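The values are calculated or read from the model by the stated rules, or taken from the named source; none is laboratory data. Given the structure is predicted, the values throughout are model-derived calculations rather than measurements. Here the Cβ positions follow ideal geometry from the backbone for every residue, glycine too, while neighbour counts run over all protein chains shown. Side chains are part of the model used for accessible areas, which takes the heavy atoms of the whole protein and leaves out ligands, DNA and RNA. Shrake-Rupley method; radii C 1.70, N 1.55, O 1.52, S 1.80 Å.
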Amino acid sequence: MTRVVVVGDLMTDAVARAAYPLAKGGDTPAKVTMHGGGSGANVASWLAVEGVESAFVGRRGADIAGRNRDMELMGYGVDARLVMDPERATGTCVVMVTHKGDRTMLSDPGANAALLPEDIPQDLFAPGAHLHVSGYSLLNDGSRQAALHAMKLAQNAQMSVTVDGGANSLLKRAGAEPFLDWTQGIRLLIVNAAQAEALTGRDAPEQAAKVLTAWYQQVVVKMSGDGALWYSNGRPEPVHVPAEPVEEVIDGTGGGDAFAAGFLPAWLDGKPPAEALAAGCRLATRAIGHLGARPIL
């Protein structure tokens, strides 16, 4: 099975799940828990527990949170290549989850914003491996050059490359044109419907995917409860797979990361797109059924 190298963000998620509708300006009872997070680290963790050899490259603070996140990744079986930042704290995200499972996030990237090109271990880049880059690393001014450097190393090593869209709000702030320029020519882009619209101006995921194939060989669009679709330039119609049934959404955080970790192994093994999409949807359903963005150890 193909080894997957993930370059991206590492966070501690403070998840507050409200028991009732939020009382604006008041006090709402909630269950508050701490979890490992960060889109890139989440993908690497889900890959590892699914039996895929995965490595994660990122940056953490010289603090207890950073040590815990490092040990946690190793517990999942991830080859964690974390550089310790002597000045910045490990990134933190406050995740507010409503009683219906909807979420709002307040993020402090911390050490993630200082990921440097020299932090990228060259020994991970070899023919036959695959690179997945978290969009957060590209959208953050401080880590962008490191992400671009990793993509260049992968290209030189003849590795396949995938990138995800990061966060819709950050994508809009950065602008579609720069993001398309940074990532043009990669083998596959993974985005959700809102990110696809932000990049193309098309609110229909199928149309947005077709537009995006002007920049990418293949595109996957995640559509939450409507499943996901895959499209490749030259195909008459996209391949669409419905979402898995969900009894209750406990916490949507990390659902998209789990989808990527479910999709990539099947896709890299050359399985049909419908099979890879279905694998992604199955893992996403598992992720949103419990608190936190990572697998349960």
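Here are a few things to note about the model shown:
For every residue, the table says whether it meets (1) closer than 20 Å to Arg69 by Cα; (2) touching a Phe, Trp or Tyr at 6+ places or on another chain (Cβ under 9 Å).
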position: Ile250; (1), (2): no, no
position: Gly255; (1), (2): yes, no
position: Gly262; (1), (2): no, yes
position: Pro265; (1), (2): no, no
position: Gly270; (1), (2): no, no
position: Ala274; (1), (2): no, yes
position: Ala279; (1), (2): no, yes
position: Ala287; (1), (2): yes, yes
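- Residue count for region 122-138, restricted to those that are open to solvent by 20 Å² or more (accessible area, probe 1.4 Å), under 17 Å from Gly40 (Cβ atoms) and outside any loop (DSSP other than H, G, I, E, B): 1
- Wholly enclosed strands (runs of 3 or more DSSP E) of region 1-108 bearing at least 2 residues open to solvent by less than 50 Å² (accessible area, probe 1.4 Å): 4-7, 11-18, 30-37, 54-61, 79-85, 91-97
- Residue identified as out of contact with any helix residue (DSSP H, G or I) (no Cβ under 9 Å at 6 or more places or on another chain), of a type in the set (Gly, Ala, Ser) and in a helix (DSSP H, G or I) among Ala284, Ala274, Ala261: Ala274
- Of the listed requirements (1) closer than 22 Å to Ser134 by Cβ; (2) touching a residue at least 24 places away in the same chain (Cβ under 8 Å), Leu22 misses just one: (1).
- Pairs where the first residue, in region 66-94, is within 17 Å of Glu118 (Cα to Cα) and the second is surrounded by fewer than 17 Cβ atoms within 10 Å (Cβ to Cβ), C-beta under 7 Å, 6+ apart: Ala80/Met74; Arg81/Pro121; Met84/Ala62; Asp85/Ala62; Pro86/Ala62
- If you go through region 276-297 and keep only what is under 18 Å from Met223 (Cβ atoms) and free of Cβ contacts under 8 Å to residues at least 24 places away in the same chain, you end up with just Ala279.
- Screening the candidates Ala176, Ala126, Ala114 for the property of being under 13 Å from Val5 (Cβ atoms), at pLDDT 95 or above and among the small types (Gly, Ala, Ser) yields one hit, Ala126.
- Residue in region 246-257 that is open to solvent by 40 Å² or more (accessible area, probe 1.4 Å) and over 22 Å from Ala287 (Cβ atoms) present: no
- Condition check for Ala261: under 12 Å from the mean Cα position of the chain (by Cα) and at pLDDT 95 or above: yes
- For region 141-150, filtering for residues that are surrounded by 24 or more Cβ atoms within 10 Å (Cβ to Cβ) and either in contact with a Phe, Trp or Tyr (Cβ under 6 Å, 6 or more places away or on another chain) or not in a helix (DSSP H, G or I) (or both) leaves 1.
- Any hit, region 144-151, residues being at pLDDT 95 or above and either of a type in the set (Ser, Thr, Tyr) or closer than 20 Å to Leu212 by Cα (or both): yes
- Val221 closer than 25 Å to Asn112 by Cα and touching a helix residue (DSSP H, G or I) at 6+ places or on another chain (Cβ under 8 Å): no
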